[in-house]
Amino acid sequence: MSVTYSGDPAASSRDAVRFLLRDTSTANAEFQDAEIEWLVSQNPNPYRAAANGARAKAAEASDSLASKTVGSLTLTYSERATRWLDIAKALDAQANKGLGSAIRPYSGGISKSDKEAVASEDDYNEPYFYLGMMDNPGTQSEYYGSS
């Protein structure tokens, strides 16, 4: 398996994900190139790809022993899992920055021109609810049949 890092995250998605995960040392890398390439293929946003990689490492650490002691050194894997989850949260937050304008509620039909523009679209569905639909309970509705 290969591990490469050019030192220029702007040059490739793989290097960007490695940089975000702080996995830039080829001597003791956490991820193989093929793993990072797969993460990028699943989500081209490097922050999201890196966050998914961090979650995978957290799951891997959770599956390990709770702790291991060798001489005076003790490794606690739950701390490692928590660290990877914290990294994933930070990367997700970074990926979400600036999306306020892209992800927001939309209420159509506020202006006449907006209402006409939406209604003229090919995939426009007529609403099931309409003004006055409950004005005469007990009569036949054009959408629901008799009540």
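Label positions at MET1 and ALA119, each projected 7 Å from the Cα along the C-beta direction, are separated by 6.0 nm. Net charge in the neighbourhood of LEU21 (other residues with Cβ under 9 Å of its Cβ; Lys, Arg +1, Asp, Glu -1) is +1. The ranking of TRP38, TRP84 from fewest to most other beta carbons within 10 Å of each one's beta carbon is TRP38, TRP84.
Ordering ASP114, ASP8, ASP15 from the fewest to the most neighbouring beta carbons within 10 Å gives ASP8, ASP114, ASP15. When PHE19, PHE129, PHE31 are arranged by Cβ crowding within 10 Å, least crowded first, meaning fewest neighbours, the order is PHE129, PHE19, PHE31.
With the biggest extent put first, the Cα atoms of segment 13-96 measure 43, 27, 17 Å across the principal axes.
For LYS57, the lysines whose Cα comes closer than 22 Å to its Cα, not counting residues fewer than 8 places off in the same chain, are LYS68, LYS89. If you take all other residues with their beta carbon under 14 Å from the beta carbon of ALA59, and give Lys and Arg +1 and Asp and Glu -1, the sum is 0.
Any read-out appearing in this document is the output of simple, stated calculations on the displayed coordinates, not a laboratory observation. Bear in mind that the values here come from a model prediction, so they are computed numbers and not experimental data. Neighbour counts run over all protein chains shown; Cβ positions are idealised from the backbone, glycine included.
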